[in-house]
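K.L.:
The structure under discussion is supplied below as structure tokens; questions concerning it will follow.
The values are calculated or read from the model by the stated rules, or taken from the named source; none is laboratory data. What you are looking at is a predicted structure, and each value in this text was computed from that prediction instead of being measured. When we count neighbours, we look across all protein chains shown, and the Cβ atoms used for this are built from the backbone with ideal geometry, even at glycine. All accessible areas refer to the heavy atoms of the entire protein, side chains included, with ligands and DNA or RNA removed. Shrake-Rupley method; radii C 1.70, N 1.55, O 1.52, S 1.80 Å.
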Amino acid sequence: MQAAFYERTGPAAEVLQFADLPDPQPGPGELRVRLRWSGVNPSDVKSRAGLRNPVMPFPRIVPHSDGMGVVDAVGEGVAADRIGQRVWVWNAAWGRPFGTAAQYIVLPQAQAVALPDNVADEAGACLGIPALTALHAVLMPGSDGAGVAGQRVLVAGGAGAVGHYAVQFARLLGAAQVIATTSTAEKAALARAAGADVTIDYRQADAAAQLREATQGQGVDRIIELDIAANAALDVDALRPGGDLVVYGSGATPFELPFFPLIAKNLNLRFFIVYHLAPADRQRCEAALTGWLQRGALQHNIAQRLPLAQIAEAHDAVAQGRVAGNLVVAIP
């Protein structure tokens, strides 16, 4: 099979290679997917760059955790009728050396989820990290033990890969008001088209005042945050007393939080990483996604499509924030 891989961490153009590797064969409980699309996420880029750990966990890594394709072989214990099924995959490269930047991948059968027939192939490569992250952030119980129904929800980066889905999920799950922060008029339009009632440019000096005005001075019930290091001050100001700050990312480590405003407002901080979702949480998200996908209820913000041969360019585009949405790579 054709595959892209790296054997040391570093700049994309320097370390990403191409070669023909042996076709993988499924073992017991596994299936093989002939991939059509591979999703590129910031975590894939950071791992390849060595930003999380410069030490390679495996001698060779085929990157990317998200992808879409068709099941073409199954191992012992897997139903034969899965052959020919269109699927999207999750955690393909998490703790494993073989991700989706290749023509074939073998996975435990649970990590390949049926993709409804009405959904475009490339949209399937956007579900494993962006959509599941967004949905868990919206679904997880808040300080009141419930979800976002009837609440005011602020989505940071409402035009981004995760944020665009989070705006939609908050609306679908009954939020009373959905506010999105963005940085350009074009991104604001994307967020509004996804269901945001209000968009605010977070770079403006009066962003906090605009948030207070948008909520009639009451504050938001939940914030879904992509960069706690950059937005902590705005978040603390925007949350109502007892509100929930749900964090899935940070642009810097370590970062600082203002203790006294946090404690004075009885704020609740929730952190999670999508790779470590509990099985019950993941299954709940998969079921909800499948239902919405079948009904055609979701927009998929695919900002760029590139061939596998341009994987280094794809990594650089994600690393430099040049795409407002998802970037997917076509597998030959």
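K.L.:
Running a GNM on the chain with Cα contacts under 10 Å, which residue among 304, 103, 216 ends up with the highest mean-square fluctuation?
P.N.:
Looking only at 304, 103, 216, the biggest GNM fluctuation is shown by 216.
K.L.:
Still on this model: As an exercise, use a Förster radius of 30 Å and the Cβ-Cβ distance of residue 260 and residue 120 to find the FRET efficiency, rounded to the nearest 0.05.
P.N.:
Once the sixth-power term is evaluated, E becomes 0.05.
K.L.:
So for the range 1-82, taking the charge dipole from beta-carbon charges (+1 Lys/Arg, -1 Asp/Glu), which of 79, 35, 64 sits furthest toward the positive end?
P.N.:
Of the options given, the answer is 64.
K.L.:
Right, here's the next one. Report the residues of the range 1-19 in range of a label on residue 55: point 7 Å along Cα→C-beta, backbone N strictly under 16 Å from it.
P.N.:
Only 8-9 fall inside the zone, counting backbone N under 16 Å.
K.L.:
Please sort by residue number the trypsin sites (Lys or Arg not before Pro) in the range 1-106 whose DSSP state is loop and whose Cβ has at most 14 other Cβ atoms within 10 Å.
P.N.:
Qualifying residues, ordered by number: 8, 52.
K.L.:
Specify the inter-centroid distance of the range 254-332 and the range 134-190, based on alpha-carbon positions, in whole Å.
P.N.:
One Cα centre to the other: 12 Å.
K.L.:
Let me know the longest stretch in the chain that avoids all GluC sites (Glu not before Pro) found in a DSSP loop with at most 12 other C-beta atoms within 10 Å.
P.N.:
77-255
K.L.:
Within the accessible area of the chain, what % is carbon and sulfur when the probe is 1.4 Å and the other protein chains stay in place?
P.N.:
About 54 percent, which is the carbon plus sulfur part of the accessible surface.
K.L.:
In whole percent, what relative contact order does the chain give with Cα contacts below 8 Å and a gap of six or more residues?
P.N.:
Relative contact order of the chain: 18 percent.
K.L.:
Which whole-Hz ³J(HN,Hα) couplings does the range 269-286 yield from phi under the Karplus relation 6.51 cos²θ - 1.76 cosθ + 1.60, θ = phi - 60°, glycine and proline marked x?
P.N.:
10, 10, 10, 7, 10, 5, 5, 10, 4, 5, x, 5, 5, 5, 5, 4, 5, 4
K.L.:
Where does the charge balance sit around residue 49 when Lys and Arg score +1, Asp and Glu -1, over other residues with C-beta under 12 Å from its C-beta?
P.N.:
+1
K.L.:
Taking the solvent-accessible surface of protein heavy atoms with a 1.4 Å probe, what is the per residue accessible area of the range 1-104 in Å²?
P.N.:
44 Å²
K.L.:
Which value, in debye to the nearest 20, describes the size of the charge dipole of the range 198-276 about its Cα centre when Lys and Arg Cβ atoms bear +1, Asp and Glu Cβ atoms bear -1, and nothing else is charged?
P.N.:
180 debye
K.L.:
At R0 = 35 Å, how high is the FRET efficiency between residue 287 and residue 186 if r is their beta carbon distance? Nearest 0.05 is fine.
P.N.:
The pair residue 287/residue 186 has a calculated efficiency of 0.55.
K.L.:
Per-residue HN-Hα couplings for the range 22-30, Karplus 6.51 cos²θ - 1.76 cosθ + 1.60 at θ = phi - 60°, whole Hz, x for Gly and Pro?
P.N.:
x, 5, x, 10, x, x, x, x, 10
K.L.:
Okay, helix-only estimate at 222 nm for the chain: each DSSP H run of n ≥ 4 adds -39500 (n - 2.57), divide by all residues, round to 500 deg cm²/dmol; what do you get?
P.N.:
The helix-only estimate for the chain comes to -8000 deg cm²/dmol at 222 nm.
K.L.:
Taking amide hydrogens as modeled 1.01 Å from N in the peptide plane, which residues meet the under 5 Å criterion relative to residue 85, leaving out close sequence neighbours?
P.N.:
Distant-sequence amide H within range of residue 85: 71.
K.L.:
I want to check the label-to-label distance for residue 213 and residue 305. Put each point 7 Å from Cα in the C-beta direction and report it in nm to one decimal.
P.N.:
4.1 nm
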